[in-house]
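See structure below.
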Amino acid sequence: MNNELADFVPHVLREYALIADGERGALCGPQGDLAWLCAPHWDDDAVFATLVGGAGAYAVTPVDRHVWGGYYESGSLVWHNRWVTSDTAFECHDALARPADSHCAVILRRIVAGDKPARVRILLDVRAHFGQERMHELTRTADGCWTGHTGDLRFHWTGAAGAVVDGDGQLALEITVPPGEHHDLVLQISDRQCDGSLDPDQLWQRTRAAWAGVPDFAGSAAPIDTKHAYAVLRGLTSNGGGMVAAATMSLPEKARAGRNYDYRYVWIRDQCYAGLAVARHGPDELLADAVRFVSAALIADGPDLKPAYTASGGRVPNESTLPLPGYPGGADVRGNWVNQQFQLDAPGEALQLFAAAARLGMIDQDLITAAKTAVAVIEQRWQQPDAGIWELHDDWWAHSRLACVAGLRQAAAIDAFGDADRLTRLATVISAETSRRCLSATGHWQRSPSKHGVDASLLLPAVRGALRPEDSRTRATLAAVREQLSDDGYVYRYRHGEHQLGETEGAFVLCGFITALAEAQQGNVTEAFRLFERNRSASGPPGLLAEEFDLQQRQLRGNLPQAFVHALLLETSLVLGSGTPT
């Protein structure tokens, strides 16, 4: 039995569940250990950081020998840890309370006994600044609540009246929940005064009601996973409309390879992918959120559009390192160098998003202004090198240009977005120049004029309308991806020199779903379903997907959960379920 939170070692990523409320998210491991939470906002410092080698965590763990399982309540991020011991089975229900308060994280944990008593050990150690600040001013109030401070944050904990401060400064207790009964724990962490009068039953009722609006997606290829993907996107989307790319930072894409990034920010591209995915289903609040956030960024920054912003619309801090060991095989990196980049595909993806919203009647003056701004950005910058979808060195990336072509063609069909002939002419010019500079000798799109290999991302612009499905370049690119980048139903981004697939990075789950869409567009329904099923199966029991999948070890790699992967899962499921090509 673990007696200290420091004893809770990191798990493989496929065993973590996410609870989230839109303003922040926590990862829960199979021992009931909340190993990651940034508070009060996504991009603030972590208060639970054992995931990346820091201190601070919150565990509810069976006392007796046990095995673990779990599941989400349908269409929500309310997670049920389920443990089976030698003589009983019981659960701990975990959630971040909704509707969310941007200043206060409210963690709900309900221990539910089965037919026999449930014995659990509970440990709490709230540590600000990635575990560097201990809890202090710990006080047990007359009604049995614990209060305290850590750094600039306050916390308030109910349901743990019997806790004691152990030798490591943690709050610890053991409880036994009688058969058929439950026990509630409510932890608030805030940069303001906490509310000491919260009622657990009301919190659970409001939280479940907030999740009740998730669509059923009954006509999709995989309704349960599609509904779950939507819930993940909802949980990653703040009240201001910004959807963070992932809940975590620094989780390595490959052990000791130096590829550790902070994805707790809103990438314009990812937000567009999520909006376009749910647009397949119809008008939706996630689509409205995407349009609102992307429109505001374009109107504010125009040709200086950044690839990413904080969830509140601010500037992403530059990259720095933390003095922590990191997740095994990685290193702790916070912030991102994305401010130094321009990614031309972003205004193209934005136009695709705006056109999708307009077709559904979701059009207003801000949308029109943002669409015209996106066109102006493309006009001004399409000939300049950019960092591209994979955020590499500046080059004349084919995908970026073709994403703009798709956006312009989509926008030309919306009268309010401007002169259709002008937009079509610009799309034609960009397409012709991209074909002149980035078409390989064998007829498929190549990555750039100097990078001759194919890239799986080059399949997506055709799916979005940059080219007709029967265009020879579209078909040749799909054939090249099948031949050069695919392995057993999984797809890699591109080849790294002479290395074999899988040597330098895992398969990209996003690319697997993109290829499934491309196959569906060509009428290859069986192959599309094969790719879809293969890639959605990469998840662990909680059904979450990271950016990459290591085929050899069957493990997820990179930050978790990756929003754009869940967006493309959702879109592919809707397309395949509709029975019609994209």
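The values are calculated or read from the model by the stated rules, or taken from the named source; none is laboratory data. Since this is a predicted model, take the numbers as computed values, not measurements. Reconstructed Cβ throughout: ideal geometry from the backbone, glycine too, with neighbour counts over all protein chains shown. All accessible areas refer to the heavy atoms of the entire protein, side chains included, with ligands and DNA or RNA removed. Shrake-Rupley method; radii C 1.70, N 1.55, O 1.52, S 1.80 Å.
Three principal axis extents of segment 505-582 based on alpha-carbon atoms, in descending order, are 33, 21, 19 Å.
Per residue, the convex hull spanned by the Cα atoms of segment 350-450 amounts to 101 cubic angstrom.
Could you order peptides 326-334, 41-49 by the average number of other Cβ atoms within 10 Å of their residues, highest first?
On the way: 326-334: 19.7, 41-49: 24.7.
Result, highest mean Cβ count within 10 Å first: 41-49, 326-334.
Helical content of the chain, expressed as a calculated mean residue ellipticity at 222 nm, amounts to -10000 deg cm²/dmol (DSSP H runs of 4 or more residues, -39,500 (n - 2.57) each, divided by residue number, nearest 500).
So if I take the centroid of the Cα atoms in segment 162-219 and the same for segment 282-316, what is the distance between those two points in Å? Cα centroid of segment 162-219 versus Cα centroid of segment 282-316: 32 Å apart.
Dividing the convex hull volume of the alpha-carbon atoms in the chain by its residue count gives 140 Å³ per residue. A Cβ-based charge dipole, computed about the Cα centre of the chain with Lys and Arg at +1 and Asp and Glu at -1, lands at about 1320 debye.
Take the Cβ atoms of TRP337 and GLU181, set R0 to 41 Å, and the FRET efficiency comes out at 0.20.
Seen against the Cα atoms of the chain and their longest principal axis, helix 563-578 is set at about 60 degrees. Peptides 186-198, 372-384 ranked from most to least packed by the mean count of surrounding Cβ atoms within 10 Å: 372-384, 186-198.
Which one, VAL291, PRO252, VAL266, projects farthest toward the positive side of the charge dipole computed for segment 250-297 from Cβ point charges (K/R +1, D/E -1)? In segment 250-297, that residue is PRO252. Per atom type, the chain shows carbon and sulfur on 48% of its accessible surface, probed at 1.4 Å. Counting every C-alpha pair in segment 194-297, the share spaced more than 21 angstrom apart comes to 49%.
Between THR139 and GLN484, the distance separating the two model label sites (each 7 Å from Cα on the Cα→Cβ line) works out to 6.7 nm. Rolling a 1.4 Å probe across the protein heavy atoms gives segment 178-286 an accessible surface of 36 Å² per residue. The Rg/Rh ratio of segment 97-199, with both radii computed over alpha carbons and Rh defined as the Kirkwood radius, is 0.98. Under Stokes-Einstein, with the Kirkwood radius over Cα pairs as Rh, the value for segment 1-100 at 4 °C and 1.567 mPa s is 93 µm²/s.
Please compute the volume of the convex hull spanned by the alpha-carbon atoms of segment 139-207 and report it per residue in Å³. Write out the running numbers ahead of the final one.
Numbers: hull volume 7.7 nm³, N = 69.
Hull volume over Cα atoms, normalised by residue count, gives 112 Å³.
Accessible area per residue for segment 421-484 is 44 Å², calculated with a 1.4 Å probe on protein heavy atoms, without ligands, DNA or RNA.
Where Lys and Arg each count +1 and Asp and Glu each count -1, what net charge lies around LEU153 among other residues with Cβ under 11 Å from its Cβ? Local net charge: -2. Computed FRET efficiency, Cβ-Cβ of THR147 and ASP87, R0 45 Å: what is it to the nearest 0.05? Calculated value: 0.75. Simple spin-label estimate for ALA420 and GLU498 gives 5.4 nm between the two label positions (7 Å along the Cα-to-Cβ direction from each Cα). With protein chains left intact and a 1.4 Å probe, residues in segment 535-582 average 28 Å² of accessible area per residue.
Hydrodynamic radius of segment 392-494 by the Kirkwood approach over all distinct alpha-carbon pairs: 14.0 Å. Rounded to the nearest 20, the Cβ-based charge dipole of segment 108-254 about its Cα centre (Lys and Arg +1, Asp and Glu -1) stands at 280 debye.
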